[in-house]
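The values are calculated or read from the model by the stated rules, or taken from the named source; none is laboratory data. Note that the structure is predicted; figures quoted are calculated from it, not measured. Cβ placement follows ideal geometry from the backbone for every residue including glycine, while neighbour counts extend to all protein chains displayed.
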Amino acid sequence: MAFSNKAVDCLGSKHYRLYFQKDGHLVSPFHDIELWADKEKGIANMVVEIPKGTRAKLEISKGDGLNPIKQDIKDGKLRYINEKYPYPFNYGAFPQTWENPKLKDERTQAFGDNDPLDVVEIGSKIHKTGDIIKVKVLGTYAMIDAGETDWKIVAIDVTDENADKYNDCNDIPKEKLDAVFTFLRDYKTPAINEFAFGGELKNKAFALKVTEETYDEWHKLITGKLPAKCEKYDIKVESTQLNKAEVPSVITAEQAETLVIQQFTNYLRAKQ
């Protein structure tokens with residue numbers, strides 16, 4: 001897969017949007033990148049949103065056409081996490097997954113957070129926003145964020161020097177896990193995030209099950225079995241790559257270009 005990015009404005013602007021291309025054609029990182037690189041081996045494709053060592057809260061936009069990456073806005077301001085806690089890992093999401101906000105997870109007793117499945121990549125490399133990397137699933141934390149289930153899959157880049165050594169959650173050194181857990185718990189200081197299972201990192205099999213469950217919910221959404229808009233969410237589900245016979249919201253390459261041109265036009269008008 002030959003992916004690249006196309007940006008509207010620069011990071012640090014409310015108009016910043018990072019779009020994705022595959023072989024020169026616009027795609028959605030939410031819908032058009034395959035989840036599994038090698039399902040049998042538990043290797044998935046991760047969309048990197050936030051590079052290790054940075055503070056800008058970047059995320060795949062569910063509400064924009066083609067779902068570009070943008071910076072989160074809170075109280076009218078661009079969102080940055082606490083300066084004491086830059087991300088100690090690469091952070092991103094699994095494409096083709098969705099935590100359904102109308103579905104209560106009996107294990108956590110909380111509804112989904114309406115986002116793609118979050119991924120913490122614990123390797124040594126610093127990846128860029130918009131990179132798509134293959135990662136090995138190792139385990140998952142069940143964070144409870146504002147009363148919602150917010151799974152955090154822990155994974156490692158398959159090209160990392162330690163990738164062959166880490167095959168399940170018990171293979172990860174304690175000091176590395178402690179750093180991950182402490183960040184997830186404290187990065188909203190003074191607020192403290194809560195966790196199901198007493199903060200236990202659940203194993204690879206558990207994490208793979210969660211990943212498959214969120215894939216199933218995404219599949220219901222993209223195929224129209226669940227509405228793209230209701231009282232709890234409003235998601236843009238345009239796809240340029242999926243099977244048109246199965247997915248009602250497939251758009252042409254020309255329609256995709258029009259979406260990006262409109263975003264760029266809005267940016268230019270705001271600058272005048």
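For segment 173-188, indicate whether the set of residues that are assigned to a loop (DSSP other than H, G, I, E, B), of a type outside the set (Ser, Thr, Tyr) and farther than 13 Å from residue 31 by Cα is non-empty.
Our first condition is that a residue be assigned to a loop (DSSP other than H, G, I, E, B); within segment 173-188, this holds for 173, 187-188.
Checking which are of a type outside the set (Ser, Thr, Tyr) leaves us with 173, 188.
When the remaining residues are screened for being farther than 13 Å from residue 31 by Cα, the result is 173, 188.
Scanning segment 173-188, I find at least one residue that is assigned to a loop (DSSP other than H, G, I, E, B), of a type outside the set (Ser, Thr, Tyr) and farther than 13 Å from residue 31 by Cα, so the answer is yes.
Going by the structure shown, is residue 247 part of a loop (DSSP other than H, G, I, E, B), surrounded by 16 or more Cβ atoms within 10 Å (Cβ to Cβ), under 22 Å from the mean Cα position of the chain (by Cα) and not polar (S, T, N, Q)?
Details: part of a loop (DSSP other than H, G, I, E, B): yes; surrounded by 16 or more Cβ atoms within 10 Å (Cβ to Cβ): yes; under 22 Å from the mean Cα position of the chain (by Cα): yes; not polar (S, T, N, Q): yes.
When the stated conditions are applied, residue 247 passes them.
Could you pull out the residue among 194, 217, 257, 231 that is of a type in the set (D, E, K, R), over 30 Å from residue 87 (Cα atoms) and touching a residue at least 12 places away in the same chain (Cβ under 8 Å)? Outline the logic, then answer.
Working: 194 fails: over 30 Å from residue 87 (Cα atoms); 217 fails: over 30 Å from residue 87 (Cα atoms); 231 fails: touching a residue at least 12 places away in the same chain (Cβ under 8 Å).
Of 194, 217, 257, 231, the one residue that is of a type in the set (D, E, K, R), over 30 Å from residue 87 (Cα atoms) and touching a residue at least 12 places away in the same chain (Cβ under 8 Å) is 257.
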Mind counting the residues in segment 48-89 that are under 12 Å from the mean Cα position of the chain (by Cα), assigned to a strand (DSSP E or B) and in contact (Cβ under 8 Å) with a residue 60 or more places away in the chain? 5
Could you grab me the full set of residues in segment 1-58 that are in contact with a Leu (Cβ under 8 Å, 6 or more places away or on another chain), of a type in the set (S, T, N, Q), surrounded by 17 or more Cβ atoms within 10 Å (Cβ to Cβ) and closer than 12 Å to residue 129 by Cβ? none
Out of 67, 114, 90, 82, I need the residue that is at pLDDT 95 or above, farther than 26 Å from residue 250 by Cβ and not acidic (Asp, Glu). Which one? 90
Look at residue 161 and say whether it is part of a helix (DSSP H, G or I), surrounded by fewer than 18 Cβ atoms within 10 Å (Cβ to Cβ) and at pLDDT 95 or above. no
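Pull up segment 50-64, narrow it to residues that are farther than 25 Å from residue 123 by Cβ and among the small types (Gly, Ala, Ser), then point me to the one that is modelled with the highest pLDDT. If you could, list the steps in order and put the result at the bottom.
Going through segment 50-64, the residues farther than 25 Å from residue 123 by Cβ turn out to be 61-64.
If we keep only those that are among the small types (Gly, Ala, Ser) too, we end up with 61, 63.
Values: 61: 97, 63: 93.
Top of the filtered list is 61.
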Please work out which residue is farthest from residue 147 (Cα to Cα), limiting yourself to segment 165-204 and to residues that are of a type in the set (Val, Ile, Thr) and surrounded by fewer than 13 Cβ atoms within 10 Å (Cβ to Cβ). 182
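Could you tell me which of the residues 140, 211 is more than 22 Å from residue 54 (Cβ to Cβ), part of a strand (DSSP E or B) and either without any contact (Cβ under 8 Å) to a residue 12 or more places away in the chain or of a type in the set (Ser, Thr, Tyr) (or both)?
Details: 211 fails: part of a strand (DSSP E or B).
After applying the criteria, what remains is 140.
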